[in-house]
Amino acid sequence: MNDHRHGKPEGVDLAARSRARRRALQATYAWQVSGTGMRGIIDQFKHEQEMEIADLDYFEDLLVNIEKHCKDLDDAISPHLDRAIESVDPIERAVLRLGAYELIHRLDVPYRVVINEAIETTKRFGADFGHTYVNGVLDKLAKQVRGAEYRR
């Protein structure tokens, strides 16, 4: 049973999931700039101590599926950008891909949680005003792909 008022699915450790998203952002960034396959990136990150307190299953789900659906995610994001996806700052691009994946494929995560996590992660790792750009893009995408939930 879900507690819809707070967007917390039963049995989910939200702090561990937030840590998994932060690590997934770092891993996605590494994947984008290194050209290394995602499986190699996942293995590298899994060995780091901080992963023990993150939601490892969620971390792997995010990364495997960002790689698998990257073209579709970029196609979903692109109409909401003011430039080519390749021209977006690599941290912001990684956050947008992560957020787009969750908005489109992880319907168990409320869209407001996806956007808030993306904003907070971008504030922590991105450029000074990158979070406002990420917020605008993901808000437009959420309105498009989660229309019914968005209007509630």
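The values are calculated or read from the model by the stated rules, or taken from the named source; none is laboratory data. All values derive from a computational prediction rather than experimental measurement. Every residue, glycine as well, gets a Cβ built from its backbone with ideal geometry; the counts of neighbours run over all protein chains shown.
Evaluating Asn116 against the criteria (1) in a helix (DSSP H, G or I); (2) within 27 Å of Gly11 (Cα to Cα); (3) in contact with a helix residue (DSSP H, G or I) (Cβ under 7 Å, 6 or more places away or on another chain) leaves one unmet condition, (3).
Quick check on my filter: what residues within the range 125-152 are of a type in the set (A, V, I, L, M), part of a loop (DSSP other than H, G, I, E, B) and closer than 23 Å to His105 by Cβ? The answer is none; no residue qualifies.
Filtered by the rule that a residue be modelled with pLDDT under 95 and in contact with a Phe, Trp or Tyr (Cβ under 6 Å, 6 or more places away or on another chain), the range 102-152 gives a lone residue, Glu149. Does at least one position in the range 83-100 carry a residue that is closer than 24 Å to Ile42 by Cα, out of contact with any Lys or Arg (no Cβ under 7 Å at 6 or more places or on another chain), exposed (fewer than 14 other Cβ atoms within 10 Å of the Cβ) and in contact (Cβ under 8 Å) with a residue 40 or more places away in the chain? Checked against the condition, which is being closer than 24 Å to Ile42 by Cα, out of contact with any Lys or Arg (no Cβ under 7 Å at 6 or more places or on another chain), exposed (fewer than 14 other Cβ atoms within 10 Å of the Cβ) and in contact (Cβ under 8 Å) with a residue 40 or more places away in the chain, the range 83-100 yields no hits at all. So which residues in the range 102-113 are assigned to a helix (DSSP H, G or I) and either in contact with a helix residue (DSSP H, G or I) (Cβ under 8 Å, 6 or more places away or on another chain) or of a type in the set (Phe, Trp, Tyr) (or both), if there are any at all? Of everything in the range 102-113, those that are assigned to a helix (DSSP H, G or I) and either in contact with a helix residue (DSSP H, G or I) (Cβ under 8 Å, 6 or more places away or on another chain) or of a type in the set (Phe, Trp, Tyr) (or both) turn out to be Glu102, Leu103, Ile104, His105, Tyr111.
Quick check on the range 56-76. Is at least one of its residues acidic (Asp, Glu), at pLDDT 90 or above, surrounded by 13 or more Cβ atoms within 10 Å (Cβ to Cβ) and not in a helix (DSSP H, G or I)? Among the residues of the range 56-76, not one is acidic (Asp, Glu), at pLDDT 90 or above, surrounded by 13 or more Cβ atoms within 10 Å (Cβ to Cβ) and not in a helix (DSSP H, G or I), which makes the answer no. Among the residues of the range 36-91, those that are farther than 19 Å from Gly126 by Cβ and among the basic types (Lys, Arg) comprise Arg39, Lys46, Lys68, Lys71. Of the residues making up the range 8-27, one or more are closer than 18 Å to His105 by Cα and modelled with pLDDT under 75. Is it the case that Lys46 is closer than 20 Å to Arg17 by Cα and either surrounded by fewer than 14 Cβ atoms within 10 Å (Cβ to Cβ) or at pLDDT below 95 (or both)? Answer is yes for this residue.
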